[in-house]
Amino acid sequence: IVDELREKYSLSKAETMNLLLKEELRIPRNILIKELGALEAITKYMKENLNMNYHEIAKTLHRDERTIWTAYNKAKQKQKESFEIKETKIFLPVSIFNKKFTILESVIIYLRNKGFKNKEIAELINRDSRNTWTVYSRALRKLKNKS
């Protein structure tokens, strides 16, 4: 059935699964580790754990395929083993990612909008709280300049 849907409507694997599950694709927040950048971690997770190809990942994250390829290859060099997904209550919907903001900016904005404080966000995404504050303030400036 899945293959028939994909062929009939020219859908990617991820789009087909989203339709079947009637649920948006979500990324577990615990894949964001210190050793990898946010884009690298999410790309590695989508490629290895969700079995998505570069085109599907690029389309989902609103990035260029070459950027995704580069991020994935850097992530593989930094961390050879696949992610072991642990229990988490916090997931990041892929709808938060867009071209206006970097991946990390999108994550921090999303978590701030969910009511998390800067220190809590830093702990959740394994970053320094000063770094998360800087990224958030940069995102706010982008928002202000767009208006």
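The values are calculated or read from the model by the stated rules, or taken from the named source; none is laboratory data. Worth saying up front: this structure is predicted, and the values here are computed from it rather than measured. So basically every Cβ, Gly included, is an ideal-geometry build from the backbone, and we count neighbours across all protein chains shown. Just the protein is used for accessible areas: all its heavy atoms, side chains included, with ligands, DNA and RNA removed. Shrake-Rupley method; radii C 1.70, N 1.55, O 1.52, S 1.80 Å.
Leaving out ligands and nucleic acids, note down the accessible area per residue over the stretch 17-147 with a 1.4 angstrom probe, in whole Å².
On the way: 8070 Å² over 131 residues.
I get 62 Å² per residue for the stretch 17-147.
Using the Karplus curve 6.51 cos²θ - 1.76 cosθ + 1.60 with θ = phi - 60°, work out ³J(HN,Hα) for each residue of the stretch 113-122 in order, rounded to whole Hz, and write x for Gly and Pro.
Calculated HN-Hα couplings, in order: 5, 8, x, 6, 7, 3, 5, 5, 4, 4 Hz.
Expected output is a single nm value to one decimal: the length gained when fully extending between R26 and K119, i.e. 0.36 nm times separation in residues minus the C-alpha distance. What is it? Numbers along the way, then the final one.
On the way: separation 93, 0.36 × 93 = 33.48 nm, distance 2.30 nm.
Net length gain for the segment: 31.2 nm.
Can you list residues from other chains, or at least 5 along the same chain, whose modelled amide H is less than 5 Å from the amide H of M52?
Amide H neighbours of M52: K47.
Whole-Hz ³J(HN,Hα) for each residue in the stretch 47-62, computed from phi via Karplus 6.51 cos²θ - 1.76 cosθ + 1.60 with θ = phi - 60°, x for glycine and proline: what do you get?
For the stretch 47-62, the Karplus curve yields 6, 8, 8, 9, 6, 8, 8, 4, 4, 5, 5, 4, 5, 5, 8, 6 Hz.
Calculated FRET efficiency, N126 and E65, Cβ-Cβ r, R0 25 Å, to nearest 0.05?
Taking R0 as 25 Å, the efficiency between N126 and E65 is 0.35.
Along the stretch 41-46, what does the Karplus equation 6.51 cos²θ - 1.76 cosθ + 1.60 (θ = phi - 60°) give for ³J(HN,Hα), rounded to whole Hz, x for Gly and Pro?
Rounded to whole hertz, the list is 5, 5, 4, 4, 4, 5.
Would you mind calculating the gained length between K99 and K144 on full extension (0.36 nm times residue separation, minus the Cα-Cα distance), in nm to one decimal? Don't skip to the answer; put the middle values down first.
Numbers: separation 45, 0.36 × 45 = 16.20 nm, distance 1.59 nm.
Length difference between fully extended and current span is 14.6 nm.
Where in the chain is the longest stretch that carries no trypsin sites (Lys or Arg not before Pro) classed as loop by DSSP and with at most 14 other Cβ atoms within 10 Å?
Working: sites that count: K22, K34, K80, K86, K89, K99, K100, K114, K117.
That would be 35-79.
Of K47/K78; K8/K47; K34/K78, which sit over 22 Å apart, Cα to Cα?
Details: K47/K78 15 Å; K8/K47 24 Å; K34/K78 11 Å.
Cα-Cα > 22 Å for K8/K47; rest within.
Hand me the GluC sites (Glu not before Pro) from the stretch 41-89 located in a DSSP loop with no more than 15 other Cβ atoms within 10 Å, in residue order please.
Details: sites: E48, E56, E65, E81, E84, E87; in loops: E81, E84, E87.
Sites meeting the loop and neighbour criteria: E81, E84, E87.
Below 21 Å, Cα to Cα, which lysines can K142 reach? Residues fewer than 8 away in the same chain don't count.
Those lysines meeting the cut-off are K99, K100, K114, K117.
Whose amide H sits under 5 Å from the amide H of I27, counting only residues 5 or more places off or on another chain, with H placed in the peptide plane?
Those lying under 5 Å, H to H, from I27 are L92, V94.
Using only the Cα atoms of the chain, what semi-axes does the equivalent ellipsoid have when each is the square root of 5 times a gyration tensor eigenvalue? Give whole Å, largest first. Please report the intermediate quantities before stating the final value.
Values: eigenvalues 142, 63, 47 Å².
Over the Cα atoms of the chain, the semi-axes work out to 27, 18, 15 Å.
Under 5 Å between amide hydrogens, which residues at least 5 positions from S12 or on another chain qualify, with H placed 1.01 Å from N in the peptide plane?
Hits under the 5 Å cutoff: none.
Ignoring ligands, DNA and RNA, what percent of the 1.4 Å accessible area of the chain is carbon and sulfur? Walk me through the numbers on the way to the answer.
On the way: 4770 of 9390 Å².
Its accessible area is 51 percent carbon and sulfur atoms.
Cα axis of helix 129-146 to longest principal axis of the chain: angle in degrees, 0 to 90, nearest 10?
80 degrees
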